[in-house]
Amino acid sequence: MDVKTGFFYLFSVVLLFAAFRVVTARNPVHAVLYLMLAFSQASAVWFLLNAEFLAIVLVLVYLGAVMVLFLFVVMMLDINIDTMRKGFWKNFPLAATLGAIVALEMAAVLLSGFRLSQAPAMLAGAVPVDNGKALGILLYTEYLMPIQIAASILLVAMIAAIALTLRERKDSKAIDPSIQVKVRAADRMQLVKMGVTQPAPAPAPVAPVEESK
């Protein structure tokens, strides 16, 4: 067994363990951390399979943005774990059924859709390029128009989200910087002269307690 095969089995074992802990961890924060570990191991496996573009996208998009944001959301939420556990066995038959269906579909695809065969031979005189460069050339030559349309839609969505967020609302606590700069200290605080000592207040009279006969 060579070094590449050894790393493949190492990353695969860690990936399976992390994926198992994602669904079995009781703490949601721990589940998110295990999911981040699973994504990192999947990225390493893709690097071994010479899929550099997919590996880098997985790290940048999921580990660098989605999972970090999800981790902060889970940490800020006050999740009652005991309440979540009450409906576990109630929903377990449905979850087990769906899991079995997904496992059968994956087994059918893996057993029938992938066959061991030799890689296609490279054409004579062709310059070898990595998959990232080949994908970039394909996207910006043959699929240039769909890429431009998708970029325009995302730009319009981003501008719309900013416009909806920055609109004037009655419950907004935004402060005008020009008004804030013109504020003087005398308008914000007023000094009141008081004596150094103040006489102690007179004690309140205590009503006599009648003895019971």
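Readers should treat all values here as calculations from the given coordinates under stated rules, not as data from a laboratory. Computed from a prediction, not measured in an experiment: that's the story for all the values here. In this analysis, Cβ positions are derived from the backbone assuming ideal geometry, glycine residues included, and neighbour counts consider all displayed protein chains.
Looking at the stretch 13-28, is at least one residue more than 21 Å from the chain's Cα centre (by Cα), touching a residue at least 24 places away in the same chain (Cβ under 8 Å), surrounded by fewer than 17 Cβ atoms within 10 Å (Cβ to Cβ) and more than 29 Å from PHE72 (Cβ to Cβ)?
So far as the stretch 13-28 goes, no, none of its residues is more than 21 Å from the chain's Cα centre (by Cα), touching a residue at least 24 places away in the same chain (Cβ under 8 Å), surrounded by fewer than 17 Cβ atoms within 10 Å (Cβ to Cβ) and more than 29 Å from PHE72 (Cβ to Cβ).
Does ALA31 fit the bill of being of a type in the set (Gly, Ala, Ser) and surrounded by fewer than 14 Cβ atoms within 10 Å (Cβ to Cβ)? Show your work before the answer.
Working: of a type in the set (Gly, Ala, Ser): yes; surrounded by fewer than 14 Cβ atoms within 10 Å (Cβ to Cβ): no.
No, not satisfied.
Where the second residue is acidic (Asp, Glu) and in a helix (DSSP H, G or I) and the first is touching a residue at least 12 places away in the same chain (Cβ under 8 Å) and lies in the stretch 131-145, which pairs have Cβ atoms under 8 Å and are six or more apart or on separate chains?
Taking only residues 6 or more apart or on different chains, the pairs are ASN131/GLU52; GLY132/GLU52.
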